[in-house]
Amino acid sequence: MASPTADPTRPAQAPPEPVQDTPAGPGKLTLIAVLLAVFVVPTSISGTAVALPDIGAGTGAAQGSASLQWVVNAFNLAFACFTLVWGSLADLIGRIRAFALGAAVFALASLACAVAPNVYVLDGARALAGLGGAAIFACGSAIISSAFEGPARAKAFALFGTVAGVGVALGPTVSGPAVDALGWRWIFGLQAIVLAVVLACVPVIARSVREPVGGGGRLDVRGAVVFVLAMAALTYAIVQGSAWGWASAGTLGLLLASLVLFGTFGALAKRTAAPLLDLSVIRDRRFLAYTLVPVAASFGFVTQLTYLPSYLATVADYSASAAGTTMLLLTIPVLVLPMVGAKLVERGTSPLAVVFASLLCLVVGDLALLVLGPDTSLAVMAPAMLVTGAGMGLSAGLVDGQALAMIEPAKAGMAAGFLNTLRLGSEAIAVAVFGSVLASLAASDGSGSGTSSYNDAFHVLLWVMAGVCLLLGLLVVSLARGGDRGKDAEVSTP
């Protein structure tokens, strides 16, 4: 038998090249650092809203004023606009480097928020923080995709989804006491401290984790500018639509501008050697199917997370604390079920079966919430809220891991950016449309009772949200099955 060194064309030592290099210690440190940063982003979104009254009092901004609302909106706008840009940049310069840069931007912006002399400086700093937050989400999921494989990868993404859900759910809980005890500036100071800890871990991670880097390329600046302008027009139209009116010239003009810009972006991508978004990525039907699952969750779950507390206070006469406690029924599944979904897949359940179950829970949960009324007992509403939360929890994290697994490693950052752009963009659309339609339906009701009008309008929207989730679910099923047939055909081809 010939020895391994007998072939002169082969190197003397030719060990297999591992796709991942994740020793137990550094692998855990990587995951902890990413999850800490990921926790800060949704906490900053949901928790800042709690501090708005104190921020207004501290900066002299009037309650309900546009300048005060932009403390939240500026973050969301920048986040939505730059997530895809960061994802593509990460493929060029490295995910860890881009992640660290985003975390540093977020940390510095948070410090600027903490010392902001007025609300206008605060708004600008929040926009900068949104820019950093986009990098954390896009690059964080890409790092996990590169650093883990097999069951460890599935578990890491499940934790990613769990931590993101914990951040959304506990943002107000964490920020409220911090505002009361330390003042509103400290909620931003605490974010900076957490991200400083994350940044301290980066050198160890960079030395320990190998990642594919698409070296030699350049960022598609032209495509980035057009995409950012398109997202800015769309997001600004959504943010201002309820105030300006959805049929106003300003809103329709921005929506038309965004449509034209997105069309231009697609045309440029076809004629660019290394586009910001390689259109071949979204031609993969199964990848596209997974990216639509968070869109369904935005309509079926995030709208309820946003407006159900107001319903409980307005219609059921709950106190703020009682409404907040009741909302745990909606959020507990998001904290628990991502790991359950990962375990099911690890034990042989098809990932698509888990995703289909989550979509079914969204539809059934929203329809079950029709039991809500002025005198509905907690025991009656609890199953509906738990099922709705399960619709979000089962697929949280799982869709990220499965979607990115279909993309070649060199494009994982771009794919993660696209996925998270759809996620945040759909949340903004769903929440804005739900709120605007809710207000319009309640105002147009001729019953003469504000509580009755709000109740009826909310129930109409539950039907609408369930219908949207059903349609998106059918589309996901169609794309996923079509993708499976295409894959099978490809595999069986000699």
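The values are calculated or read from the model by the stated rules, or taken from the named source; none is laboratory data. Keep in mind that what you see is a predicted model, and the values were worked out from it rather than measured. Because the Cβ atoms are built from the backbone with ideal geometry, glycine has one as well, and the counts that use them run over all protein chains shown. These area figures cover heavy atoms from the full protein model, side chains too; ligands, DNA and RNA do not enter into them. Shrake-Rupley method; radii C 1.70, N 1.55, O 1.52, S 1.80 Å.
Summary of computed values
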| item | result |
| --- | --- |
| FRET efficiency, ARG222 to ASP54 (Cβ-Cβ, R0 56 Å, nearest 0.05) | 0.85 |
| Carbon + sulfur, % of accessible area of the chain - ligands and nucleic acids excluded, 1.4 Å | 67 |
| Relative contact order [Cα under 8 Å, 6+ residues apart], segment 244-385, whole percent | 20 |
| Accessible area of the chain divided out per residue, in Å², using a probe of 1.4 angstrom | 42 |
| Cα radius of gyration and Dmax for segment 316-433 (Å) | 16.7, 55 |
| Relative contact order of segment 333-401, pairs being alpha-carbon contacts under 8 Å that are 6 or more residues apart, as % | 53 |
| Dipole in debye (nearest 20) - the chain, about Cα centre, beta carbon charges: Lys, Arg +1; Asp, Glu -1 | 1040 |
| Simple spin-label estimate for TRP186 and ARG283 in nanometres, 7 Å along Cα-Cβ | 5.6 |
| Relative frequency of Cα-Cα separations exceeding 20 Å in segment 252-317, percent | 60 |
| Where Cα atoms sit under 22 Å apart: lysine pairs in the chain separated by 8 or more or lying on different chains | 6 |
| The chain: relative contact order in percent, alpha carbon pairs under 8 Å with at least 6 residues between | 21 |
| Highest-first arrangement of 34-43, 198-207, where packing means the average Cβ count within 10 Å | 34-43, 198-207 |
| Stokes-Einstein translational diffusion, segment 235-378 - Kirkwood Rh over all Cα pairs, 1.306 mPa s, 10 °C, in µm²/s | 83 |
| Approximate shape of segment 21-180 as ellipsoid semi-axes (Cα gyration tensor, √5λ), whole Å, largest first | 31, 17, 12 |
| Mean residue ellipticity (222 nm) of the chain, computed from DSSP H runs ≥ 4 via -39,500 (n - 2.57), nearest 500 | -27500 deg cm²/dmol |
